[in-house]
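What follows is a set of notes on a single structure, which appears directly below.
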């Protein structure tokens, strides 16, 4: 199976879509795609999330779409049935990792401390999400992990924004950063889709 980073190709931004309706989610995805984004995460925080994944897959077939906040077998099945290209979790447990071991798409497990990292490593994972990054030691923590877990790389999310993303991306064990700052709730509410496109371009260093 291909790794999560391989699925991202050279994209170092993991844009997270959090929407309350299908139309909203699709418009956000279109705005991100307009900035050259090839892969997005739909976080399963609203009742519309699963339908948003289905709709994006249908309307933007070139876009890789995955499900975030997967915590158990039932949610995993819903996400995969919706056509998710990858799975992201906010945390890990032996039970969840056992379920994920049967997953047929790339998985990015969420960790927040050294015990989590070791557990995920024991299940064979070499790419992990640090979440919530800003509350879990941030870039200094990841820098320290580089000497302890030399074969592990990270995609930190949670508290990442334009002003601090470079601090993370400068680390050799960080392959991408994720966040919702590129789709500010105010822009979504006021349907200012062009601002999302602009923020995605800026985050990728394209002006």
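Brief remarks follow.
- As a summary of the residue check, residue 34 satisfies the conditions (1) within 23 Å of residue 174 (Cβ to Cβ); (2) in contact with a helix residue (DSSP H, G or I) (Cβ under 6 Å, 6 or more places away or on another chain) except for the one numbered (1).
- Just one of the listed residues (204, 162, 126) is touching a strand residue (DSSP E or B) at 6+ places or on another chain (Cβ under 8 Å), more than 27 Å from residue 92 (Cα to Cα) and either touching a residue at least 12 places away in the same chain (Cβ under 8 Å) or surrounded by 20 or more Cβ atoms within 10 Å (Cβ to Cβ) (or both), and it is 204.
- Selection count where residues are under 21 Å from residue 189 (Cβ atoms) and surrounded by fewer than 16 Cβ atoms within 10 Å (Cβ to Cβ), scope region 21-49: 5
- For residue 104, the criteria (1) touching a residue at least 40 places away in the same chain (Cβ under 8 Å); (2) surrounded by fewer than 18 Cβ atoms within 10 Å (Cβ to Cβ); (3) farther than 15 Å from residue 158 by Cβ; (4) within 17 Å of the chain's Cα centre (by Cα) hold in every case but one, which is (4).
- Restricting attention to region 165-195, the residues that are more than 26 Å from residue 30 (Cβ to Cβ) and either in contact (Cβ under 8 Å) with a residue 60 or more places away in the chain or surrounded by 20 or more Cβ atoms within 10 Å (Cβ to Cβ) (or both) total 2.
- Test: residue in region 4-13 that is out of contact with any helix residue (DSSP H, G or I) (no Cβ under 7 Å at 6 or more places or on another chain), within 19 Å of residue 76 (Cβ to Cβ) and crowded, with 16+ Cβ neighbours inside 10 Å: yes
- Yes/no for residue 111 being at pLDDT 95 or above, surrounded by 15 or more Cβ atoms within 10 Å (Cβ to Cβ) and in contact with a helix residue (DSSP H, G or I) (Cβ under 7 Å, 6 or more places away or on another chain): yes
- Those strands (runs of 3 or more DSSP E) lying entirely in region 1-108 with at least 3 residues more than 30 Å from residue 207 (Cα to Cα) and modelled with pLDDT under 95: none
- Every condition in (1) out of contact with any strand residue (DSSP E or B) (no Cβ under 7 Å at 6 or more places or on another chain); (2) within 25 Å of residue 15 (Cβ to Cβ); (3) part of a loop (DSSP other than H, G, I, E, B) holds for residue 116 except the one numbered (3).
- Within region 129-148, being in a helix (DSSP H, G or I) and surrounded by 15 or more Cβ atoms within 10 Å (Cβ to Cβ) holds for 133, 134, 138, 139, 141, 142, 143, 145, 146.
- If you check 87, 56 for being in contact (Cβ under 8 Å) with a residue 24 or more places away in the chain and in contact with a helix residue (DSSP H, G or I) (Cβ under 8 Å, 6 or more places away or on another chain), only one passes: 56.
The values are calculated or read from the model by the stated rules, or taken from the named source; none is laboratory data. Quantities reported herein were computed from a predicted structural model and do not represent experimental measurements. Counting neighbours? That spans all protein chains shown, and the Cβs are built from the backbone with ideal geometry, glycine included.
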